[in-house]
Amino acid sequence: MTNTFSKYQAISGRIWAKSTYYQTSGGYGFRDQLQDCQIFLESKLEYAKKQLRLHASKQFQEGDVLHWFVTYQGWGPRGNCSDDLLWLPYILHSYLEETLDYPFLEEVIPFENGSEASMYEHAKRAIQKSLTRYSDRGVPLMGSHDWNDGLSAVGPKMKGESFWMSCFLYQILGDFSHYATHMKDHDFVMEMHHHRQNIQKLKG
């Protein structure tokens, strides 16, 4: 199961066939297939890297992303799900931690709505977009839902809060500061540190 079949199932059923709930149209889930590609980090690194490139190209210049998309027609819904966009820096961190492929941070990839930027900039914009989505008391907003898609009635008007998102964002801010330091983006390092401290002070 671990050495053979799970990997076979991930690439045949998930990456290629996209045969899961709500993906019968052949659509890629922005979050879903990024999560799936982690299984290749210790065996088929090119699959994980290819997936990161593909998903970065489905990001808008503003930092948000298509919730899902079909590659043969190139369309999908642009939603306000709180966690989708953050899976790009999260999986990028997993890839870099495994490979030390730091030149990948400087690879240029287009945005969905024109223009292009480095992979580092794509990941940075996803984080920056998330840093604008807080409630009045400093809790990340739920949006249409967070990683739990079933919470779809909590915050479609950008009012509901997600403490799950505060944990997820807190981890990403800590992990990504290493790459911001590597890129000598010191102002962004300080910005992430500030937001991380604020999240740490949250109480339910």
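List of remarks:
- Of all residue pairs spaced 6 or more apart or on separate chains, those with beta-carbon atoms under 8 Å, a first member in region 179-204 that is modelled with pLDDT of 95 or more and a second member that is surrounded by 11 or more Cβ atoms within 10 Å (Cβ to Cβ) and not in a helix (DSSP H, G or I) are GLU191/LEU131.
- Reported count of residues in region 130-145, each being outside any helix (DSSP H, G or I) and surrounded by 21 or more Cβ atoms within 10 Å (Cβ to Cβ), is 6.
- Residue that is surrounded by the most Cβ atoms within 10 Å (Cβ to Cβ) [pool: residues in region 102-129 that are at pLDDT 95 or above and of a type in the set (Gly, Ala, Ser)]: ALA123
- Listing of helices (runs of 4 or more DSSP H) fully contained in region 29-114 that carry 3 or more residues being of a type outside the set (Asp, Glu) and more than 22 Å from LEU169 (Cα to Cα): 45-56
- The single condition among (1) part of a loop (DSSP other than H, G, I, E, B); (2) among the basic types (Lys, Arg); (3) on the phi < 0 side of the Ramachandran plot that LYS18 does not satisfy is (3).
- Screening ILE172 with (1) surrounded by 15 or more Cβ atoms within 10 Å (Cβ to Cβ); (2) more than 15 Å from ILE199 (Cα to Cα); (3) in contact with a His (Cβ under 8 Å, 6 or more places away or on another chain) gives one miss only, at (2).
The values are calculated or read from the model by the stated rules, or taken from the named source; none is laboratory data. Note that the coordinates shown come from a computational prediction; the quantities given were computed from them, not determined experimentally. We place every Cβ from the backbone using ideal geometry, glycine too, and count neighbours over all the protein chains shown.
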